[in-house]
Every structure is written in C-alpha cells, then in structure tokens.
Amino acid sequence: MLEKPDLQDEKIIACLQDEYGLPLVQVAFLPLGVDQDAAVYRAVAENETPYFVKLRRGIFDETSVALPRFLSDQGIVPIIAPLATRTGQLWASLDAFKVILYPFVEGRNGYEVELSDRHWREFGKTLKSIHTVEAPPALFRRIQQETYSPQWREIITRFLARVEDDAYDDPVAARLAAFLKSKSAEILDLVGRADRLAQALQARTPASVLCHSDIHAGNILIDANDAFYIVDWDNPILAPKERDLMFIGGGQGFGGHTPQEEETLFYRGYGQTEISPVALAYYRYERIIQDIAIFCEQLLLTNEGGEDREQALRYLISNFLPNGTLEIAYQSDRTLRDG
C-alpha cells in the first residue's frame with residue numbers, strides 16, 4: 001500500500017522486540033505496492049542491522065511463509081526466507097495484522113531497473129528449480145490446487161452490468177465506470193475466451209507443478225550487488241507451469257527487452273520445455289480479468305485507498321494500451337487463428 005496504516009510505530013517495535021528478540025531503534029514505512037492489505041517497513045536494530053517487515057491483514061495463508069523457507073532451505077538462493085520468532089514460528093500477530101520479518105535486501109524491483117541478460121537466464125534457472133522441486137506431501141497439501149474457477153469472470157461481468165446504472169461521486173470511480181462502459185464489449189469477449197479455454201483445460205487435466213503465480217516485474221528484486229531474487233509468496237498454487245510462464249514475454253512490466261528477447265533469454269536458463277498455447281493464453285486472459293475485477297472492487301465498492309486509487313486506475317487502463325497485456329494475450333491465443 002502507498003499510505004501508512006493506522007498503526008503506531010511503537011507498537012511494531014514492541015512486537016518485534018517481544019516476538020523476535022530484536023532490540024530495534026526505528027521502523028520506517030515504505031510506500032510500495034498496490035495491495036491494500038499489505039504494508040511494508042524498514043526496521044533498524046541497535047547494531048544497525050536492517051530488516052524488512054511485512055504486515056498483512058485479512059486472510060493469511062501459512063504457506064506464504066512456510067514455502068519460501070522450505071525453498072531457501074533446498075538451496076534455491078534467489079528466495080529470501082522469513083526469519084523465525086523466538087518460538088520458531090515464521091510470523092507474529094499484532095492487532096489485525098500478521099507480522100513477517102525478513103533480512104533487508106537493498107535493491108530495486110523489475111519496474112525500476114532493467115534485467116540484464118544474465119538476470120533473465122537466472123530467472124529461468126530459478127523458476128525451473130521451483131517447478132521441479134520435491135516438497136513434503138504435508139506442505140504440498142496446504143497449497144491450493146488450480147480449479148480454473150470462474151470467480152473473477154463472474155465478478156467482472158457483474159461490475160459491467162452495475163456501471164450501466166450506478167452513479168459515482170468519487171472521481172476515480174466515475175472515470176473507471178466510464179472506461180468500463182467504453183470497453184464493455186471487449187471485456188465480455190475476453191471473459192468468453194477465458195471461459196472456453198478454461199473448459200478445454202479442465203477436459204485435458206494438464207500436469208501441475210509448484211507455481212509462484214505472481215512473478216511480474218514488481219516481484220523481481222535486483223540488489224546492490226546485482227544479485228537476483230524472487231519475492232512475495234502470498235499466493236502459491238499447484239498449477240500447469242504456464243501459470244508462471246505467462247509472465248515471460250507477457251508485457252508484465254519488465255523493460256529493456258522485447259517480449260521475444262525476454263523469452264529467448266529466459267528459456268536459456270529454464271531449458272527446453274513444451275508449452276501449451278491453450279494454457280498460456282488462458283492464464284494471460286485470466287490475469288487481466290482478475291486485475292480488472294480486483295481494481296473494480298477496490299475503486300467502485302469503497303472510497304478508501306488514497307493515492308493507491310489513482311495508481312490502481314492507471315494499472316487497469318494500461319492493460320488495454322498498444323502492445324499491452326491484452327494485445328500480447330491475443331497474440332498468444334492460437335484459437336484466434338485456428339478457428
């Protein structure tokens with residue numbers, strides 16, 4: 001989130017001291033990300049060691065911390081694992097938030113810095129390690145399975161009907177409603193395409209692997225020593241590998257390379273693999289639909305968010321720009337050419 005939550009810094013410091021045994025001198029809010037349920041801070045201990053603190057409210061899935069800890073323990077270096085509390089737990093509780101503590105890695109995300117050729121190859125190598133890891137059954141059982149749920153498609157369809165009749169006083173909501181009206185036919189076509197591809201995938205039941213599910217540019221970190229990291233494991237899923245591979249060459253915020261160059265460099269690290277064009281197109285469509293639905297919930301159902309609201313609207317509209325995610329999704333959909 002871009003605006004600091006209503007939580008005193010002193011309470012965060014006290015929590016970290018009590019739960020982690022950290023003698024802290026300060027915490028500073030970092031205005032990062034569009035997730036309104038997550039706030040992040042930089043904390044500094046008395047010995048000047050920096051830490052990264054994440055506060056998450058709402059639904060908390062323990063696998064979001066257990067999984068990166070496991071992957072790091074398997075020697076997958078580009079994973080930043082959470083630190084344990086005094087009792088060995090990977091999170092603490094503070095009011096309505098779960099508190100997760102990490103080592104602080106000074107760096108810039110993939111929106112802020114262009115990935116080098118080496119970074120792209122390492123990206124591929126790391127993701128292949130994640131997709132082929134053998135995890136304890138008890139851990140895998142806690143990770144959600146892909147169901148090709150129509151949830152987001154149904155939500156966005158309801159919003160399209162709603163904006164035809166509702167009026168909005170909030171200027172951001174009013175602009176969003178007008179934009180949705182102008183794109184209604186295109187969005188409904190998008191929903192229909194995703195529906196058909198979902199049905200095709202359900203009939204085929206492709207093999208599932210461990211997927212991060214959200215590896216856009218904002219979740220790639222390059223540190224001051226040029227090291228590469230994948231961050232934010234809030235929503236892991238067991239799904240076809242295309243769930244992650246859709247981000248590569250998919251217009252997901254990376255700069256410096258064309259989509260084709262991204263794919264070429266990435267697969268030099270990932271290795272040869274057969275990619276399902278049906279799954280790739282489905283996930284690219286579904287990602288756009290989910291983004292639109294989430295931003296509609298944020299902007300049309302509440303007036304909360306402050307600066308996050310303008311940014312959310314910009315992100316939503318960007319899907320429809322030339323060479324944007326929607327255009328790339330259409331290009332990856334062979335059914336547009338084959339029938």
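Read-outs: derived from the displayed coordinates by stated rules, not from any lab. Bear in mind that the values here come from a model prediction, so they are computed numbers and not experimental data. For neighbour counting, all protein chains shown are included, and Cβ atoms are generated from backbone atoms with ideal geometry for every residue, glycine included.
Worth pointing out:
- By average C-beta atoms within 10 angstrom, highest first, the peptides 143-151, 97-105: 97-105, 143-151
- Ranked by how many other beta carbons lie within 10 Å on average, peptides 291-302, 11-22, 196-207 from highest: 291-302, 11-22, 196-207
- Summarising the label geometry, the points placed 7 Å from Cα in the beta-carbon direction at E134 and Y315 lie 3.8 nm from one another.
- Our estimate of slack between R204 and K11, defined as 0.36 nm per intervening residue step minus the Cα-Cα distance, is 64.4 nm.
- The loop-placed GluC sites (Glu not before Pro) in segment 82-137, going by DSSP, that have at most 10 neighbouring Cβ atoms within 10 Å of their Cβ come out as E134.
- Evaluating 6.51 cos²θ - 1.76 cosθ + 1.60 at θ = phi - 60° for every residue in segment 141-149, the Karplus couplings come out as 5, 8, 8, 5, 9, 5, 10, 6, 4 Hz, glycine and proline recorded as x.
- Proximal lysine pairs, the chain, alpha carbons under 15 Å, eight or more residues apart or interchain: 6
- For the residues P171, P240, P82, a GNM of the chain with alpha-carbon springs under 10 Å puts the largest fluctuation on P171.
- Gain in span if fully extended, A96 to E62, counting 0.36 nm per residue against the direct Cα distance: 10.7 nm
- Here the simple spin-label model places points 7 Å from the Cα toward Cβ, and for E46 and Q290 these points are separated by 4.4 nm.
- Computed over segment 9-104, the P(r) curve from all C-alpha pair distances, binned at 5 Å from the origin, holds 3, 13, 24, 26, 21, 11, 2, 0 percent per bin.
- Subtracting the Cα-Cα distance of K4 and D166 from their residue separation scaled by 0.36 nm leaves 55.2 nm.
- Using a cutoff of 8 angstrom between alpha carbon atoms and counting only pairs six or more residues apart, the relative contact order for the chain works out to 19 percent.
- The Cα trace of the chain gives Rg and Dmax of 20.5, 65 Å, the first to one decimal, the second as a whole number.
- When the GluC sites (Glu not before Pro) in segment 200-292 are filtered for DSSP coil states and for at most 10 other beta-carbon atoms within 10 Å of their beta-carbon, the remaining sites are E274.
- Net charge contributed by nearby residues that have their C-beta within less than 10 Å of I275 (K/R +1, D/E -1): -2
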